[in-house]
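A short worksheet on the structure shown next.
What follows is calculated from the coordinates using simple rules that are stated; it is not laboratory data. Just so it is clear, the model here is predicted, and its values are computed rather than measured. Using ideal geometry, Cβ is built from the backbone for each residue, glycine included, and neighbour counts are taken over all protein chains shown.
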Amino acid sequence: MRLGNLIKEIQFKEIINIKNFDDMVGGISYSSKNTKPNDVFVCLTGEHVDGHEYAEEAIENGALVCFVERRLNTDAPQIIVDSTAAVISELSSLLYSNPSSKLNIIGVTGTNGKTTVTHLIQKLFEEFGQKCALVGTLGHRFSCDTAYLDAKHTTPQAPELQSLFNTINEKCIDNVVMEVSSHSLVQHRVDHVDFNGAVFTNLTQDHLDFHITMANYFEAKASLFTKLVAGDFAVINIDDEYAESFLKIISPTVRVFTYGLSSKADVMAKDIYFSGKGASFTCVVKNNKYKVDLSMNGLFSVYNVLAAITTACALNFDIEKTIRVLEKIPGVAGRFEIVTTKPTVIVDYAHTPDGLENVLKTAREITPREGKLICLFGCGGDRDATKRPKMGKIAEELADTVIITSDNPRTENPQQIITDVLAGFKNINNVIVEPDRELAIKEAYKIAKINDVVIIAGKGHEDYQILADKTIHFDDREKVREIFC
């Protein structure tokens, strides 16, 4: 696309020093180091970095023009706009000719469950003979049988996301299911994504370092549902305390489907039973009852499967076949993943108070009467510190023994993070503190008996640990196999 044609499509305040509007735009960049000749450079303003400070480097690297929020003190070609975060989304969609409009895109949002629900939905599409790509925390993949690629963000920045949609179109894939993070909604990454459906899993405390209040967090999540138009569908967890608030902001022209344990739900689970093999329940859909026997375990798995079944209803998939497909799925990497048995060691991504509580309650259900429940976890640095004592309190109440360690401390002192967690305990007699995560796992090995259940929470699928000055390779599952096997 020519630069002049691109500029015609957007709103701007002022154009400065552009001499040739016929230049062909090669791409869109927001990192000066990655800027290539004929890119347009967008000066994003983040929490720690201001892109305006790197505009000259971008021009030196060949950028045609800089999109800015304030005039640069330079002769560089520049276009002043109200919001560079908003314009980068629009530019990205324009450059790739609005690729999302050619796709059937389902967005899944919520504090917990997004990764599992997206994987379940992708599997359903493919079992019903339709190609489906997935975008989320583990990366993106073009089918259930292909490897994950890239995983820098749960929801990629707009240029990468729109480029990915373009690639999905080129591969003749019609459907996309994607995790939609609250950050991506606030930061305009999905402004120009044409969603056809949206799924809400739950809303509990997380990311308050970014959103500050739960009200702001709700508004971010809710903005996904305000994007829906006539003919689109919304799937809502009716049991969540924010459900009614979500239902109120959805257009009456949008088809709404609800799920939960409540009799008000369109898709309801009852007679739930947990065993070492998984969760079982009766699923009620429009007065029809279906027996469900999952390979996955825990009440959170029941909710995730209900979300997938309800989405299947919205897509007019056969419910009986849907359930048979979901019953065969063993789970998602790092989500209540049983790594070893005797003792049973489970790795889970739980990193919020609600997530940790759900995982520990599920683990208690499968802990033998003669066994103990051991919980090992830490909290991430440079993130919401108010959840740390809450997670400590939950661990003390639900586990027999707690081991507090480091997660991804980032630039914070690991010992300070641990101190914050310990503030939630009434009694620290059953607490082991070991900041080194590998040594903490070794402590779990020393104390775990054959009938015990060990939960290692916080990092799940991650194969790295972010320290103050570097990122190192660290995979809880690898360490468990090395130490326990």
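Once you place label points 7 Å from the Cα toward the Cβ at residue 229 and residue 31, how far apart are they in nm?
So the label points at residue 229 and residue 31 sit 3.4 nm apart.
Given 25 °C and 0.890 mPa s, how large is the Stokes-Einstein diffusion coefficient of segment 99-327 in µm²/s, with Rh as the Kirkwood radius over Cα pairs?
139 µm²/s
Counting other beta carbons within 10 Å of each residue's own, what order do 184, 32, 97 fall into, fewest first?
97, 32, 184
Run down the lysines and flag those whose C-alpha is under 20 Å from the C-alpha of residue 8, throwing out any fewer than 8 positions away in its chain.
Within reach: 19.
So between residue 428 and residue 415, what do we pick up on full extension, going 0.36 nm a residue minus the alpha carbon distance?
Computed gain between residue 428 and residue 415 is 3.1 nm.
Could you tell me the calculated FRET efficiency between residue 341 and residue 249, based on Cβ-Cβ distance and R0 = 41 angstrom, to the nearest 0.05?
0.35
Say each of residue 150 and residue 320 gets a label point 7 Å from the Cα, pointing the same way as Cα to Cβ; how far apart are those two points in nm?
Rounded to a tenth, the inter-label distance reads 4.2 nm.
Past 19 Å, Cα to Cα, is the threshold; run 114/171; 123/264; 264/328; 446/470; 361/390; 221/459 against it and keep the listed order.
Exceeds cut-off: 114/171; 123/264; 264/328; 446/470; 221/459.
Could you please state, rounded to a whole Å, how far the C-alpha centre of segment 321-380 is from the C-alpha centre of segment 417-438?
21 Å
How much mean residue ellipticity at 222 nm does the chain get from its helices, if each DSSP H run of length 4 or more adds -39500 (n - 2.57) and you divide by all residues, to the nearest 500 deg cm²/dmol?
The helix-only estimate for the chain comes to -9500 deg cm²/dmol at 222 nm.
Using only the Cα atoms of segment 3-95, build the gyration tensor, take square roots of its eigenvalues as a ≥ b ≥ c, and label the shape rounded, prolate or oblate: rounded if a/c is under 1.5, else prolate if a/b is larger than b/c, else oblate.
rounded
To make sure I understand, if each residue's beta carbon is the centre and we count other beta carbons within 10 Å, what order do 357, 60 fall in, fewest to most?
Taking fewest neighbouring Cβ atoms as first place, the list is 60, 357.
Segment 216-236 to segment 26-55: how many Å between their Cα centroids?
30 Å
If you take the C-alpha gyration tensor of segment 10-155, multiply each eigenvalue by 5 and take the square root, what semi-axes do you get, largest first, in whole Å?
With the √(5λ) rule applied to segment 10-155, the semi-axes are 36, 16, 14 Å.
Cut-off is 10 Å between beta-carbons; in what order do 81, 325 appear when sorted fewest neighbours first?
Fewest to most other Cβ atoms nearby, the residues stand as 325, 81.
Going toward the positive end of the dipole of the chain, with +1 on Lys and Arg Cβ and -1 on Asp and Glu Cβ, which of 303, 40, 428 do you reach last?
My answer, from the dipole projection, is 303.
Give the Rg (one decimal place) followed by the Dmax (whole number) of the chain, computed from C-alpha coordinates and expressed in Å.
Radius of gyration, then largest Cα-Cα span, for the chain: 23.9, 78 Å.
How long is the gain from residue 213 to residue 102 if the chain were fully straight, where each residue apart is worth 0.36 nm and the alpha carbon distance is subtracted?
Full extension of this stretch gives 36.3 nm more.
Taking loop as defined by DSSP and a crowding limit of 13 other beta carbons within 10 Å, which trypsin sites (Lys or Arg not before Pro) in segment 180-279 fit?
264, 277
Given a Förster distance of 35 angstrom, what is the FRET efficiency for residue 468 paired with residue 386, based on the Cβ-Cβ distance and rounded to 0.05?
0.95
Mind giving me the nanometre distance, one decimal, between the label points for residue 273 and residue 295, set 7 Å out from Cα along Cα→Cβ?
Using points 7 Å along Cα→Cβ, the separation is 2.1 nm.
Gain in length, residue 482 to residue 241, computed as 0.36 nm per residue apart minus the alpha-carbon separation, to one decimal in nm?
Going from the current span to full extension adds 82.6 nm.
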